[in-house]
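Just below is one structure, and these are the notes that go with it.
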Amino acid sequence: MKTRSKKRMKVLPAAGILFLGLSAGWLLATKCSAPEESRKNTSEAKFENRLSRIVGDMPGKFGVAVISGEGDTLTFNNSSDYPMMSMFKLHEAIAVCYMLDAGGSGLDSVISVSRSTLDPDTWSPMLKDYSGEILSPTVGELVDYILVHSDNNASNLLFERIVATDETDSLIRIMLPHDDFKIVWKESHMKTDNDRSYDNRTSPLAYAALLNRVFTDSIVSPEKQEFIRAAMEKCRTGMSRIGAGLPEDVYFAHRTGSGYVNVRGEIVAVNDGGYVRTPSGKSYSIAVFVKDFGGTQADAEDAIARISESIYNFMCE
């Protein structure tokens, strides 16, 4: 394993885990003479014990959802109140590509913007990469900035020029079987009032379902969808989270979200969601959300990595 830094379904109670539709082939690697329901219950208890040992005493709310390559689903604390932070940039990228497809435009379309209209005091690698007063990135470059680098200026610009937050919410809602998410604000709005970050929310399952569609289904034109997948594969932010719990030879593409400290001194969110494919061909989409964490970000990331490792081992048993 990689070395970790030290560091509509049903709403579940904090101590509970619900497995839905898990096939016997996923739950057990070998046949057993016990009745199927008994085997399933045993596996549920085993997994619950694993996860409870990781998050039981953690000072925050953890939510997890996993969708296997066969469509089987497991959730833990699957409520719809987890702040997404920059996780919503995946929704934004999909909506942008959808709008480009609808207008017959490509990712090579150029957007020109004056540097003076951009925020110099937010996370924005784009500002360092472009010189001069007028910046003229392509839409594809802006999508790459939001998915790979989580660039806030690029995100604000795409919401302003291509597809608004409410339009993004509506478009993704059509694509998903789970509508327990909401996108209201862009990054500049949340910077002005940090409490607004609680309004951009999701359930872990809704996010895992979106990931699953991106990597296993067709939602925008093939070239644009492949562009999104490739950008997520290049993302190296938050690699102390889900990625730290995976072997080196596993395919992993993801999007992270973090940030802000609330009035109680808690980290509003430490999140990660991605798609995993093993060398043997097994795959799954996974979303892990941590809300109102009272410890350090490194502690939250370490817990996410251990959750990821446990899920990977469970999937490969």
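Below are the figures for this structure:
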read-out: Contact order normalised by residue count of segment 56-167, Cα under 8 Å, 6+ apart, percent; value: 24 percent
read-out: Heavy-atom accessible area per residue - segment 163-237, 1.4 Å, Å²; value: 42 Å²
read-out: Relative contact order, percent, segment 177-317 [alpha-carbon distance under 8 Å, six or more residues apart]; value: 22 percent
read-out: Pairs beyond 30 Å (Cα-Cα), from Lys46/Lys291; Lys46/Lys182; Lys128/Lys182; Lys61/Lys128; Lys128/Lys291; Lys182/Lys234; value: Lys46/Lys182; Lys128/Lys182; Lys61/Lys128; Lys128/Lys291
read-out: Three-way shape label, the chain, alpha-carbon gyration tensor, a/c 1.5; value: prolate
read-out: Residues in segment 93-133 that a label on Ser221 would reach, taking backbone N under 12 Å of a point 7 Å out along Cα→Cβ; value: 97-109
read-out: Projected label distance in nm at Arg196 and Arg277, using a 7 Å step from Cα toward the beta-carbon; value: 3.8 nm
read-out: Under 15 Å, Cβ to Cβ, from Asn262 - net charge with Lys/Arg +1 and Asp/Glu -1; value: 0
read-out: Simple Cβ-charge dipole of the chain, Lys/Arg +1 and Asp/Glu -1, about Cα centre, in debye nearest 20; value: 860 debye
read-out: Over segment 133-206, relative contact order from alpha-carbon pairs under 8 Å, at least 6 apart, %; value: 24 percent
read-out: Cα→Cβ-extended label distance, 7 Å offset, between Ser52 and Glu133, nm; value: 6.5 nm
read-out: His254, His149, ranked by accessible area, largest first (probe 1.4 Å); value: His149, His254
read-out: Prolate/oblate/rounded label for segment 169-260 (Cα gyration tensor, a/c 1.5); value: oblate
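The values are calculated or read from the model by the stated rules, or taken from the named source; none is laboratory data. In this text, all values refer to a predicted model and were calculated from it rather than measured experimentally. Positions of Cβ are generated from backbone atoms using ideal geometry, with glycine treated the same way; all protein chains shown enter the neighbour counts. Side chains included, ligands, DNA and RNA excluded: accessible areas come from the protein's heavy atoms. Shrake-Rupley method; radii C 1.70, N 1.55, O 1.52, S 1.80 Å.
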